[in-house]
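The structure appears right after this line, and notes come after that.
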Amino acid sequence: MDNKMYCNVCGRELYVKNGMLLEDAFEAKKQWGYFSRKDAALHSFVICEDCYDDMVEKFAIPPEVTTVTEL
Ligand SMILES: [Zn+2]
């Protein structure tokens, strides 16, 4: 049984097989802490590559990019 995963921004279903994400996507998890207004809530979402590109385009300072030679 495959768990469906969706891009949280555009709602597109991502390609998942045997619980494994078969396309690359940005997966975010944030446990908000004591100094936040979110009362220790854990927030998580997935952003597909197209939406990720759109998102970082709006950044005032672009993300730091380093090349990883060994995955
Ligand atoms: Zn998307």
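The values are calculated or read from the model by the stated rules, or taken from the named source; none is laboratory data. Small disclaimer: the values here were computed from a predicted structure and weren't measured. We place every Cβ from the backbone using ideal geometry, glycine too, and count neighbours over all the protein chains shown.
Considering segment 39-48, the residues that are within 19 Å of the chain's Cα centre (by Cα) and not hydroxyl-bearing (Ser, Thr, Tyr) include one that is surrounded by the most Cβ atoms within 10 Å (Cβ to Cβ), namely Cys48.
Within segment 1-23, being over 17 Å from Met55 (Cα atoms), touching a strand residue (DSSP E or B) at 6+ places or on another chain (Cβ under 8 Å) and assigned to a loop (DSSP other than H, G, I, E, B) holds for Asp2, Asn3, Lys4, Tyr15, Leu22, Glu23. Would you point out which residue out of Val9, Val16 is within 21 Å of Val65 (Cβ to Cβ) and either of a type in the set (Val, Ile, Thr) or touching a residue at least 24 places away in the same chain (Cβ under 8 Å) (or both)? None of the other options fit; the residue is Val9. Among the residues here, Val68 does not qualify as under 16 Å from Cys7 (Cβ atoms) and either part of a strand (DSSP E or B) or among the aliphatic types (A, V, I, L, M) (or both).
The residues listed here are Phe26, Phe35; of these, the one that is touching a helix residue (DSSP H, G or I) at 6+ places or on another chain (Cβ under 9 Å) and not hydroxyl-bearing (Ser, Thr, Tyr) is Phe26.
Residues are listed down the side, and each one gets a yes or a no for (1) in a strand (DSSP E or B); (2) surrounded by 11 or more Cβ atoms within 10 Å (Cβ to Cβ); (3) aliphatic (A, V, I, L, M):
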{"position": "Tyr34", "(1), (2), (3)": "no, no, no"}
{"position": "Arg37", "(1), (2), (3)": "no, no, no"}
{"position": "Asp50", "(1), (2), (3)": "no, yes, no"}
{"position": "Ala60", "(1), (2), (3)": "no, no, yes"}
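Read through the list (1) outside any strand (DSSP E or B); (2) at pLDDT below 95; (3) not basic (Lys, Arg), then give the number of the only condition that Ala28 fails. Only one criterion is unmet by Ala28, namely (1).
When Arg37, Arg12 are screened for being away from the ligand (no atom under 14 Å from the Cβ) and of a type in the set (D, E, K, R), only Arg37 passes.
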